[in-house]
1. For Leu75, what charge total do you get from the other residues with a beta carbon under 14 Å from its beta carbon, if Lys and Arg give +1 and Asp and Glu give -1?
2. Fewest Cβ neighbours within 10 Å first, please rank Arg55, Arg112, Arg82 accordingly.
3. List the chymotrypsin sites (Phe, Trp or Tyr not before Pro) within the range 19-118 that fall in a DSSP loop (any state other than H, G, I, E or B) and whose Cβ has at most 14 other Cβ atoms within 10 Å.
4. Determine the dipole magnitude for the range 1-60: charges of +1 sit on the beta-carbon of Lys and Arg, -1 on that of Asp and Glu, nothing else is charged, the reference point is the Cα centre, and the result goes in debye to the nearest 20.
5. By the gyration tensor of its Cα atoms, with a ≥ b ≥ c the square roots of the eigenvalues, what is the shape of the range 11-82: rounded for a/c under 1.5, prolate for a/b over b/c, or oblate?
6. To the nearest 10 degrees, how steeply does helix 82-94 sit against the main Cα axis of the chain, on a 0 to 90 scale?
7. How much length is gained if the chain between Gln133 and Glu72 is pulled fully straight, taking 0.36 nm per residue apart and subtracting their Cα-Cα distance, in nm to one decimal?
8. Using the charge dipole of the chain (Lys, Arg: +1 at Cβ; Asp, Glu: -1 at Cβ; taken about the Cα centre), state which of Phe28, Gly111, Thr52 has its Cα farthest towards the positive end.
Amino acid sequence: MSQSIFVNLPVKDLEASKSFWTKLGYSFNPQFTDENAACLVFGETVYAMLLTEARFKDFTKKEIVDATTSTEVILALSAESREAVDTLVDGALAAGGSPSGETQDFGFMYGRAFQDVDHHNWEVMWMDVEAMQQAMAEGGE
């Protein structure tokens, strides 16, 4: 049996968040989308539930983290190539996101990061698994 993951994220402006992710080429599952929530589809089993802060509070008694000043989570997305990393991050910045951290380039692994319009941290990574395994074998690890 395969499992799905639904990452729940609070958002200040649901329509702005939906617009941001739509500009990056992502879609939403209408079955789980209404005026309080939007089900962002990353793949067949990976989703982010973008919840208005009022709806998010229905699921917790804790305070919602102010993502402009604190980090509650770092989310990572895989990419098929170095170019795909750049395309997604550059698109996120053009759609209203902001840069986050420095570019990571280890030859066999390449990544960049951005903050979405709600200041959630997203890393986009590409890895050449074979080259990584070879580098580790040569390093004696």
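1. Every neighbour counted, the sum reads -3.
2. Ranked by crowding around the Cβ, least crowded first: Arg82, Arg55, Arg112.
3. Passing both the DSSP loop test and the Cβ count: Tyr26, Phe106.
4. 140 debye
5. Oblate is the answer for the range 11-82, as a/c is 1.5 or above yet b/c matches or exceeds a/b.
6. Taking Cα atoms only, the helix is inclined about 30 degrees.
7. Residue separation times 0.36 nm, minus the Cα-Cα distance, leaves 18.8 nm.
8. Thr52
Read-outs: derived from the displayed coordinates by stated rules, not from any lab. Just so it is clear, the structure is predicted and the values come from calculations on it, not from any experiment. Every residue, glycine among them, receives a Cβ derived from its backbone with ideal geometry; neighbour counts consider all protein chains shown.
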